[in-house]
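J.: This is the structure, below, for whatever I ask next.
The values are calculated or read from the model by the stated rules, or taken from the named source; none is laboratory data. The model shown is predicted, which means the values in this text are computed figures rather than measured ones. So basically every Cβ, Gly included, is an ideal-geometry build from the backbone, and we count neighbours across all protein chains shown.
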Amino acid sequence: MLKMEAEDIKKIAVLGAGVVGNSWVANFIWKGYPVNLWLYTGEEEESAKQSIEKHLEGLADNSIFRKEEIPQMLELVTYTTYIEDAVKDVEFIQEAMIEDLEVKQKYLTEIDTYAKPEAIYASSTSYLLISEIAKFSNLSKRCIGAHPFNPPHLIPLVEITIPEGNKGSVKSAEIAKEFYESIGKVPILLKKDVPGFVANQIQKAVSEKCSELLENEVCTVEDIDKAVSFGPGLRWATMGPYLIFQLGGGADGIKGLTLHIGKANLEDKSEEAVKELEVYADFIQGEVDKEMENRSPEFGRTNESLRMFRDKLLIKILKEHKKI
Ligand SMILES: NC(=O)c1ccc[n+]([C@@H]2O[C@H](COP(=O)([O-])OP(=O)(O)OC[C@H]3O[C@@H](n4cnc5c(N)ncnc54)[C@H](O)[C@@H]3O)[C@@H](O)[C@H]2O)c1
């Protein structure tokens with residue numbers, strides 16, 4: 001069991017200075033954490049500095065903090081090409097190296113040698129399994145998958161997984177979850193270690209459907225982009241698909257919508273199939289009710305307050321698109 005809590009995280013190592021690594025660094029230093037940024041080659045230092053500064057400028061330009069605060073934030077970064085120097089004095093390691101299993105496995109064995117035993121190793125991998133990445137680690141209980149969404153300094157979602165069957169990692173996952181929450185992220189802890197986590201599996205399904213529509217010459221690429229961003233994507237920016245369906249069902253909620261649309265579309269109209277649909281409708285309504293109860297009132301937790309919250313956000317986004 002790790003002898004550490006989220007508040008013991010005082011310093012962070014980010015490994016990899018690419019698209020994701022630099023954005024993570026911007027996020028951590030904005031929140032006041034000193035960061036050791038590990039560079040694959042020393043030549044990356046200049047581009048990393050520029051990229052991190054641009055991310056911070058974007059936040060300052062949008063009044064998240066004052067521009068004058070940026071130099072102080074940038075001083076929190078130490079650049080190094082040595083893994084030992086990057087990880088030896090930190091409590092949290094956010095790995096963002098290229099998506100290559102052998103590379104991640106190799107560096108993890110070095111991390112085992114040099115990092116404090118209680119330091120958490122969080123891989124940003126998009127599709128690899130943490131079970132595989134941590135396979136040769138002596139300290140796999142400190143290893144978690146922690147998949148961000150690009151750009152991590154803006155998108156709150158972080159999907160957390162633990163190596164299959166490794167109960168010791170649960171504590172690491174809980175600490176990481178608390179830590180990410182403390183810096184404004186929205187972490188979700190998956191029950192299984194699956195390739196592509198949740199969000200990339202959803203994205204993959206959407207992207208496969210887009211390709212199918214193009215192949216069948218149903219519409220153009222531009223039409224698909226419009227259909228997603230001015231249709232479901234716009235709504236999903238306000239809340240997830242289940243809450244959207246809850247509102248789609250009016251006073252009858254998602255149960256009503258499921259029964260209404262579901263029954264109309266049932267291929268098998270047998271009594272058994274209808275019964276199955278009804279059981280599912282009850283189940284999904286129960287889950288959505290629980291989700292609504294967990295929401296803070298300011299974001300809507302009844303049908304009416306949810307609807308108002310959705311519409312307020314939709315109007316804000318539509319104004320930016322000059323569509324309202
Ligand atoms: N780009 C995204 O949208 C995105 C989103 C979420 C997660 N991720 C994940 O984040 C990680 C980094 O992705 P990225 O998009 O920042 O990639 P990137 O190519 O921009 O950066 C990768 C970093 O790894 C370094 N590198 C290259 N070869 C290496 C080697 N042999 N050994 C060690 N390091 C090497 C590069 O120099 C660079 O610093 C990947 O695991 C990826 O799956 C990416």
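J.: Considering (1) surrounded by fewer than 16 Cβ atoms within 10 Å (Cβ to Cβ); (2) under 26 Å from the mean Cα position of the chain (by Cα); (3) part of a helix (DSSP H, G or I), say which one Ala60 fails and leave the rest.
T.: Every condition holds for Ala60 apart from (1).
J.: Run down Lys269, Lys192, Lys204 and say which single residue is farther than 25 Å from Val158 by Cβ, surrounded by fewer than 15 Cβ atoms within 10 Å (Cβ to Cβ) and not acidic (Asp, Glu).
T.: None of the others qualify; the one that does is Lys269.
J.: Also, I was wondering about something else. In the set Lys67, Lys54, Lys106, which member is exposed (fewer than 15 other Cβ atoms within 10 Å of the Cβ), within 13 Å of the ligand (Cβ to nearest atom) and among the basic types (Lys, Arg)?
T.: Lys106
J.: Looking only at residues in the stretch 132-151 that are farther than 22 Å from Tyr82 by Cα and in contact with a strand residue (DSSP E or B) (Cβ under 8 Å, 6 or more places away or on another chain), which one is farthest from the ligand (Cβ to nearest atom)?
T.: Ile144
J.: Return the residue satisfying two criteria in turn: it lies in the stretch 156-199 and is out of contact with any strand residue (DSSP E or B) (no Cβ under 7 Å at 6 or more places or on another chain), farther than 17 Å from Leu128 by Cα and aliphatic (A, V, I, L, M), and of such residues it is farthest from the ligand (Cβ to nearest atom).
T.: Per the criteria, the residue is Val170.
J.: May I pose another question? Is there a residue in the stretch 252-263 that is part of a loop (DSSP other than H, G, I, E, B) and either without any contact (Cβ under 8 Å) to a residue 24 or more places away in the chain or of a type in the set (Asp, Glu) (or both)? Break it down stepwise before answering.
T.: At the first step, the residues of the stretch 252-263 found to be part of a loop (DSSP other than H, G, I, E, B) are none.
Taking every residue of the stretch 252-263 in turn, none turns out to be part of a loop (DSSP other than H, G, I, E, B) and either without any contact (Cβ under 8 Å) to a residue 24 or more places away in the chain or of a type in the set (Asp, Glu) (or both).
J.: Select from the stretch 207-224 the residues that are surrounded by 12 or more Cβ atoms within 10 Å (Cβ to Cβ) and in contact with a Cys (Cβ under 9 Å, 6 or more places away or on another chain) and write down the one among them that is nearest to Ile324 (Cα to Cα).
T.: Result: Ile224.
J.: A follow-up question, please. Among Gly32, Gly42, Gly21, Gly16, which is more than 17 Å from Phe179 (Cβ to Cβ), surrounded by fewer than 21 Cβ atoms within 10 Å (Cβ to Cβ) and either not β-branched (Val, Ile, Thr) or not assigned by TED's automatic domain parsing to the domain that holds Leu154 (or both)?
T.: After ruling out the rest, the residue left standing is Gly42.
J.: In the stretch 65-88, which residues are of a type in the set (Lys, Arg) and assigned to a helix (DSSP H, G or I)? Talk me through it step by step, then tell me what you get.
T.: At the first step, the residues of the stretch 65-88 found to be of a type in the set (Lys, Arg) are 66-67, 88.
Within the stretch 65-88, just Lys67 meets the criteria.
J.: Something else now. Please list, ordered by first then second residue, the pairs with beta carbon atoms under 7 Å, 6 or more apart or interchain, first in the stretch 150-168 and of a type in the set (A, V, I, L, M), second at pLDDT below 95.
T.: Ile162/Ser169; Ile162/Val170
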